Ligand code: NAD
Ligand code: MG
């Protein structure tokens, strides 16, 4: 559906209907409290209080490992990306978004929310993640939007340029850029980090957002938004994540500097800083396998976050509601080590 044909009523209905199909498609093994039906005036008639400590699975988790880059569909329990819970209200009607790492995890949750808020969305991911990506494109279509799959490796500048050009062509423009893809490997000592691994971490997490943002900028009009996924590690770096944590600090600084550069052009740049979140990044080499069962245990919430809990921040930062917020970092860390 072209953006100028957007009909928020239809999209809301489609978004609502999509939840059943999405559940069949994605079936996250997580109990969800059904959202209250909207009242005729558009507001919720009543909202049950939800205890955040009891909302999602807690450690210990089953032992599990996957080859990098990992698939959401192979995780136990399956992450909740909002497939059955996110309800849109036209906050991004007609917007065109590109999200890297949009196949799984935090990126996927942002994509589902963007689509249900009325956006058309292009996602980038690695070819090995095609299975996850197909589910996401289907969810975008069920929400009534255009979903564009653009697989490829963002460690190459030429691919980053092609990615943006393809997204702009397929979507008919670009208003929202989410630099979210990342690579993470834990090592107990700096002596264990090879130059190749250091290079992969910086190419994926630092160079790619630089290249993609450079390519996107000429297409972004006043009112557009750039969002970067940083991390709690930008503030409170884990001793086992020297390379990764360094890149996440770069993400934060890049965001703040670029925000000052682009504010006069009417383009906002913000970051989201998650704490521990249950995503394929973790069982596919992002954690030591022996640590995974206790993932999130030290969070004051007593559990890791789920990708769906990050999506509203991305929507807020992409929408016209947060127009005086730029150069900011919005944390969702479960209580420890935030901005
Ligand atoms: P994820 O594995 O679901 O997403 C990461 C994505 O990066 C992958 O899906 C993959 O498509 C992409 N990617 C990696 N290397 C790539 C390459 N060379 N080319 C193209 N794509 C590539 O995991 P996630 O946890 O949702 O990660 C998303 C973001 O969240 C990352 O920026 C990560 O640093 C950040 N983050 C995650 C956590 C956490 O605990 N999961 C905490 C803080 C920050
Ligand atoms: Mg993935």
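The values are calculated or read from the model by the stated rules, or taken from the named source; none is laboratory data. For clarity, every value in this text was computed on a predicted model and none was experimentally measured. Heads up, the Cβs are rebuilt from the backbone with ideal geometry, glycines too, and the neighbour counts pull from every protein chain shown.
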Query raised in the report: Considering 150, 163, 139, which residue is outside any helix (DSSP H, G or I), buried (at least 16 other Cβ atoms within 10 Å of the Cβ) and touching a strand residue (DSSP E or B) at 6+ places or on another chain (Cβ under 9 Å)?
Result: 150
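Yes/no matrix, rows are residues, columns are (1) modelled with pLDDT under 95; (2) part of a loop (DSSP other than H, G, I, E, B); (3) over 20 Å from residue 109 (Cα atoms):
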site: 41; (1), (2), (3): yes, yes, yes
site: 46; (1), (2), (3): yes, yes, yes
site: 51; (1), (2), (3): no, yes, yes
site: 55; (1), (2), (3): no, yes, no
site: 59; (1), (2), (3): no, yes, yes
site: 65; (1), (2), (3): no, yes, yes
site: 81; (1), (2), (3): no, yes, no
Query raised in the report: Does residue 114 count as away from ligand 2 (no atom under 12 Å from the Cβ) and farther than 17 Å from residue 167 by Cα?
Result: no
Query raised in the report: Which residue out of 337, 296, 327 is at pLDDT below 95, in a loop (DSSP other than H, G, I, E, B) and on the phi > 0 side of the Ramachandran plot?
Result: 337
Requested in this report: Return only the number of the condition from (1) buried (at least 20 other Cβ atoms within 10 Å of the Cβ); (2) more than 21 Å from residue 161 (Cβ to Cβ); (3) touching a helix residue (DSSP H, G or I) at 6+ places or on another chain (Cβ under 7 Å) that residue 238 does not satisfy.
Outcome: (1)
Requested in this report: State whether one or more residues within the range 212-228 are within 16 Å of ligand 2 (Cβ to nearest atom), buried (at least 20 other Cβ atoms within 10 Å of the Cβ) and closer than 16 Å to residue 100 by Cα.
Outcome: no
Report summary line: Of the residues in the range 229-252 that are in a loop (DSSP other than H, G, I, E, B) and in contact with a strand residue (DSSP E or B) (Cβ under 8 Å, 6 or more places away or on another chain), the one that is nearest to ligand 2 (Cβ to nearest atom) is 231
Query - Lone qualifier among 30, 25, 92 - being closer than 22 Å to residue 315 by Cβ, modelled with pLDDT under 95 and either in a loop (DSSP other than H, G, I, E, B) or within 16 Å of ligand 2 (Cβ to nearest atom) (or both) - result: 30
Report task. Kindly indicate whether residue 306 is touching a strand residue (DSSP E or B) at 6+ places or on another chain (Cβ under 8 Å) and within 16 Å of ligand 2 (Cβ to nearest atom). Result -> yes
Report task. Kindly indicate whether residue 281 is surrounded by fewer than 21 Cβ atoms within 10 Å (Cβ to Cβ) and within 11 Å of ligand 1 (Cβ to nearest atom). Result -> no
Query raised in the report: Restricted to the range 257-278, and to residues that are crowded, with 17+ Cβ neighbours inside 10 Å and in a helix (DSSP H, G or I), which residue is nearest to ligand 2 (Cβ to nearest atom)?
Result: 258
